[in-house]
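The values are calculated or read from the model by the stated rules, or taken from the named source; none is laboratory data. In this text, all values refer to a predicted model and were calculated from it rather than measured experimentally. Virtual Cβ from ideal backbone geometry, glycine too; neighbours counted across all protein chains shown. Ligands, DNA and RNA are stripped out before the accessible areas are found, and what is left, the full protein with its side chains, is counted by its heavy atoms. Shrake-Rupley method; radii C 1.70, N 1.55, O 1.52, S 1.80 Å.
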Amino acid sequence: MPGEQMELGEDEQLFMLRRAWDNALHTLSGKICKVTFESYIRTAVPIALDGETATIGCPSPFAREWFKKYLNQIQSVLSGYLGTPVQINLQILPTPQDPKNDGVRTGKRNDSAHELTPRPKPFRRPNIDLSFISINERYRFDNFVIDRSNRLAHAGAMSVARNPGKEYNPLFIYGGCGLGKTHLLHAIGRAAKDKDADVQVAFVDGEMFTQHYVSAIRERKVDELRRFYRQVDFWLVDDIQFIARGEQTKEEFFHTFNALYQTGKQIVITSDCSPRELKSMDERLRSRFGSGLIADINPPELETRVAILENKCMEESWEIPSDLLYHIASAIQSNMRALEGALTKLVACSSVLNIPLTTDLAQNILKDYFIDSDATSRAKTVPIDRILQTVSEKLNVSVSNIVSEKRNKEIATARQIVMFLARELTNASLIQIGAATGGKNHTTVQRSIAKVESELPHDSSLAQTITQIRSELTHRP
Ligand code: ADP
Ligand code: MG
């Protein structure tokens, strides 16, 4: 049992291993891709040294797979610091939630772990149509790639899964499309269930909450629905922006929220905008959302996007050259669903056409995503005003409409295209792009760009329009 191996913690061999491991980490940090290193190598823990065998613990089977990819390299660096050849024996660390073993990774005890005696609890589904989203096993904490764009949301999510109803209640996560909100929500549900199988997790989205409520009214079972919700330990609400605008549904949401909140149950909500911008919700509810932790998620950096693609390759057992992954990750920046989708499309085409996966193939198949880099660097001097002007002429939407608050489809589309091209063809930050398009905030800009990215592969007329405008902007002096 690893707990017993920890007893070795005081002896000389383990001391030597730990010292060598620290040095090895230092050396390896410059040699392995930063994101992989931070997520999967630095999180490993030296457990024991027994002659020529060094036992190292990984936090999850998934992390172990990553570690194995670098095993030879790590082994040789570690051997160097130990002054003797060693073989690494990899173990999975006990989860921090396991009360028997807690403390192995951190050396600290987690007191809340002692409260975890399973408590069988009656959990009867009400007699109305109440289907919940089931947990998607693909979305876990161990395959969520962390960088500064999502660090707070990730930390908040881990914290509520461990300490429900205590530190951050509610946890409100918001950000653009395809940035991992649903992923984190599932990961919370999974981790909570792993910690205590009896925990009751109700996982809904805004639309589903509305449906449940409407059918409860129709069947005169609203009380039953309320009683049911009182037994829930985790209430995970995805995409709250889709909750119906009807007063009654919102009122019911408010009551459910309060009932759970007052009894210390954990509430997690995701949305595509901040509580302040959730105009369809009452002020009193929006201010409650702010009483816990509000965490935004932004598009991740290039290395992180590559790591997300690498995760996908690992899970699907795809062998893809890393320059190709970089190529794709450079082209798609704002929507990780589109990023994964592009890779899947590429793999499917290569297999159907039976041709090797190369950068040329990618360029061909994903042409709408790729930009002519020469033209782009020439264009970096294009002022946003010129983009506005050109989009306005091509789409026949006035510039004043594009920079207005109006939301009808043509105007919104023109605005999204301006933002998308400004991101691509200028050095302007999201904040500057927002300022140039009528004082929009950076989340709105990010959301608009993500929307264009996700529609490009399916909407050939949009792709054509963008290609035309782009070539006009980059080829005219
Ligand atoms: P959202 O709910 O914010 O629209 P999702 O959670 O559905 O986004 O994420 C879209 C896809 O991108 C999912 O397949 C998810 O696993 C992946 N993804 C997004 N962010 C990350 C991340 N940081 N690490 C790993 N996968 C990610
Ligand atoms: Mg989602």
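Before moving on, here are some points about what is shown:
- Whenever a residue of the stretch 165-178 is near ligand 1 (Cβ under 8 Å from one of its atoms), its partners that are acidic (Asp, Glu), lying with C-beta atoms within less than 9 angstrom and at least six residues away or across chains, give the pairs Gly175/Asp272; Gly175/Asp296; Gly176/Asp272; Cys177/Asp272; Cys177/Glu453; Gly178/Glu340; Gly178/Glu453.
- For the stretch 320-337, the tally of residues that are within 16 Å of ligand 2 (Cβ to nearest atom) and either surrounded by fewer than 16 Cβ atoms within 10 Å (Cβ to Cβ) or farther than 11 Å from Arg305 by Cβ (or both) stands at 1.
- Residue match in the stretch 230-244 (condition: on the phi > 0 side of the Ramachandran plot, assigned to a loop (DSSP other than H, G, I, E, B) and either touching a Phe, Trp or Tyr at 6+ places or on another chain (Cβ under 9 Å) or within 13 Å of ligand 2 (Cβ to nearest atom) (or both)): yes
- For the stretch 167-206, the set of residues classified as in a loop (DSSP other than H, G, I, E, B) and away from ligand 2 (no atom under 16 Å from the Cβ) consists of Glu167, Tyr168, Asn169, Pro170, Asp196, Ala197, Asp198, Val199, Gln200, listed by residue number.
- Cβ-Cβ under 8 Å pairs, at least 6 apart or on other chains, the stretch 233-258 side within 27 Å of Ala187 (Cβ to Cβ), far side within 16 Å of ligand 2 (Cβ to nearest atom) and part of a loop (DSSP other than H, G, I, E, B): Asp238/Ile133; Asp239/Asp272; Ile240/Leu278; Gln241/Asp272; Gln241/Cys273; Gln241/Leu278; Phe253/Ile243
- Looking across the stretch 271-292, just one residue is part of a loop (DSSP other than H, G, I, E, B), of a type in the set (Asp, Glu) and either more than 18 Å from Arg337 (Cα to Cα) or open to solvent by less than 40 Å² (accessible area, probe 1.4 Å) (or both), and that is Asp282.
- For Gly264: the one exception among (1) under 24 Å from Ile297 (Cα atoms); (2) more than 16 Å from ligand 1 (Cβ to nearest atom); (3) touching a Gly at 6+ places or on another chain (Cβ under 9 Å): (1)
- Answer residue from the stretch 32-60, given it is touching a residue at least 40 places away in the same chain (Cβ under 8 Å) and in a helix (DSSP H, G or I) and is most open to solvent (accessible area, probe 1.4 Å) among those: Lys34
- Taking first residues from the stretch 283-306 that are more than 24 Å from Ser149 (Cβ to Cβ) and partners that are away from ligand 2 (no atom under 16 Å from the Cβ) and part of a loop (DSSP other than H, G, I, E, B), no Cβ contact under 6 Å between residues at least 6 apart in sequence or on separate chains turns up.
- Residue match in the stretch 151-160 (condition: more than 16 Å from ligand 1 (Cβ to nearest atom) and either touching a helix residue (DSSP H, G or I) at 6+ places or on another chain (Cβ under 9 Å) or in the same structural domain as Glu315 (by TED's automatic domain parsing) (or both)): yes
- If you go through the stretch 346-376 and pick out every residue that is at pLDDT below 75 and open to solvent by 40 Å² or more (accessible area, probe 1.4 Å), you end up with 6.
- Residues (within 15 Å of ligand 2 (Cβ to nearest atom) and assigned to a loop (DSSP other than H, G, I, E, B)) located in the stretch 140-166: Phe144, Asn150
- Failed item in (1) modelled with pLDDT of 85 or more; (2) under 27 Å from Gln75 (Cα atoms); (3) in a loop (DSSP other than H, G, I, E, B), with Asn136 passing the rest: (2)
- Each residue in the stretch 223-243 was checked for being open to solvent by less than 30 Å² (accessible area, probe 1.4 Å) and either of a type in the set (Gly, Ala, Ser) or under 20 Å from Cys273 (Cα atoms) (or both), and 6 pass.
- Of all residues in the stretch 402-432, those satisfying the criterion of being hydrophobic (A, V, I, L, M, F, W, C) and within 12 Å of Asp385 (Cβ to Cβ) are Ile402, Val403, Val418, Ala422, Ala428.
A quick yes/no check of all residues on (1) within 19 Å of Gly176 (Cα to Cα); (2) open to solvent by 10 Å² or more (accessible area, probe 1.4 Å); (3) aliphatic (A, V, I, L, M):
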| residue | (1), (2), (3) |
| --- | --- |
| Thr390 | no, no, no |
| Met419 | yes, no, yes |
| Ala422 | yes, no, yes |
| Leu430 | yes, yes, yes |
| Thr437 | yes, no, no |
| Glu453 | yes, no, no |
| Asp459 | no, yes, no |
| Gln468 | no, yes, no |
| Glu472 | no, yes, no |
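- Qualifying residue in the stretch 209-222 (condition: open to solvent by less than 50 Å² (accessible area, probe 1.4 Å), part of a helix (DSSP H, G or I), closer than 22 Å to Glu315 by Cβ and away from ligand 2 (no atom under 16 Å from the Cβ)): no
- Test: residue in the stretch 110-123 that is under 30 Å from Asp50 (Cβ atoms) and either away from ligand 2 (no atom under 16 Å from the Cβ) or modelled with pLDDT under 70 (or both): yes
- Within the stretch 293-305, being over 19 Å from Ile449 (Cβ atoms) and either out of contact with any strand residue (DSSP E or B) (no Cβ under 8 Å at 6 or more places or on another chain) or open to solvent by 10 Å² or more (accessible area, probe 1.4 Å) (or both) holds for Leu293, Ile294, Glu303.
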